[in-house]
Structures are given as structure tokens and as C-alpha cells.
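Remarks on the structure that follows.
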Amino acid sequence: MRFHVSPSSIANDLEKIDENYSIKIISSKRGTRIKGTEEDIQRNLFRYCENVLSHKGINNEQLFMIQMIV
């Protein structure tokens, strides 16, 4: 599957990550990688997931209740 995303869209997204998270995204011709301590990477991944859920209107308590039902 191929996605058609402009390089400027990707650059803008990477810039937002650099501004909002305590990890660094490093891009080169060889690929893209995350630089940070294990703790920082996990903390920021958790924070990112919280932001996505919050954007969709789901808070931590609702998520816990969904897991209890399933």
C-alpha cells in the first residue's frame, strides 16, 4: 500500500513532534528514527495516545470502563 503524502506535510508533522515532545525525530536517506531514553520514548508514546483519545472524546476513565466491559 502506498500513501501519497507531500514531503512538506511530513516535515510539518515532524516539526510538531519536536516542539511538543521531549524526544527527537531524526530523518536521513537511510530512514527515520526516534532518539531519546527508553523512559522518554515510553512516556511520550503514552502522552501521544492520551492526546489521540482526548481528541476523539475518550478520557482515561472511559477507556478503563471499556476495558472492564470487554
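Can you report the number of residues in region 18-30 which are part of a loop (DSSP other than H, G, I, E, B) and hydroxyl-bearing (S, T, Y)?
Looking only at region 18-30, we keep the residues that are part of a loop (DSSP other than H, G, I, E, B), and these are 21-23, 29-30.
Remaining after also requiring hydroxyl-bearing (S, T, Y): 21-22.
So the count comes out to 2.
Taking the listed residues R33, R47, the one that is modelled with pLDDT of 85 or more, basic (K, R) and assigned to a helix (DSSP H, G or I) is R47, with no other qualifying. Just so you know, in region 1-30 the residues that are farther than 21 Å from N51 by Cβ and among the hydrophobic types (A, V, I, L, M, F, W, C) include one that is modelled with the lowest pLDDT, and it is M1.
The values are calculated or read from the model by the stated rules, or taken from the named source; none is laboratory data. Predicted model only: the values in this text are computed from it and were never measured. Backbone-built Cβ (ideal geometry, glycine too); neighbour counts: all protein chains shown.
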